[in-house]
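Data first, discussion second: the structure below is written as structure tokens.
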Amino acid sequence: MRVGATGLVLVVLLIVLASALFRSAIDEAPIGEDVATVEEQANVALANLAAPGNPDEPLAELGISPGAAPGANAVVPEAR
């Protein structure tokens, strides 16, 4: 019982230390670059990815078309 509790405390302590280490690495500014420049470049990249306006035919822009629904002229396979 004591070995299990000690192991559990050790694992929780390791997780807390790793979390603190990664959080401090995330909060740091990029090395050698201005933060404003990095944010501006990210915003420009997002603006280039966004399609201008709302497309009327999104499937046509992707080069695909929806399948036709089976109607009265659909061929029904024979049961064997």
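The values are calculated or read from the model by the stated rules, or taken from the named source; none is laboratory data. For clarity, every value in this text was computed on a predicted model and none was experimentally measured. Heads up, the Cβs are rebuilt from the backbone with ideal geometry, glycines too, and the neighbour counts pull from every protein chain shown. The accessibility values were calculated without ligands, DNA or RNA, using every heavy atom of the protein model including side chains. Shrake-Rupley method; radii C 1.70, N 1.55, O 1.52, S 1.80 Å.
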(message) Being surrounded by 10 or more Cβ atoms within 10 Å (Cβ to Cβ) and at pLDDT 70 or above is the filter here; which residues of the stretch 46-68 pass it?
(response) 58, 59, 60, 61
(message) Give me the residue from the stretch 24-44 that is at pLDDT 75 or above and among the hydrophobic types (A, V, I, L, M, F, W, C) and, out of that set, most open to solvent (accessible area, probe 1.4 Å).
(response) 44
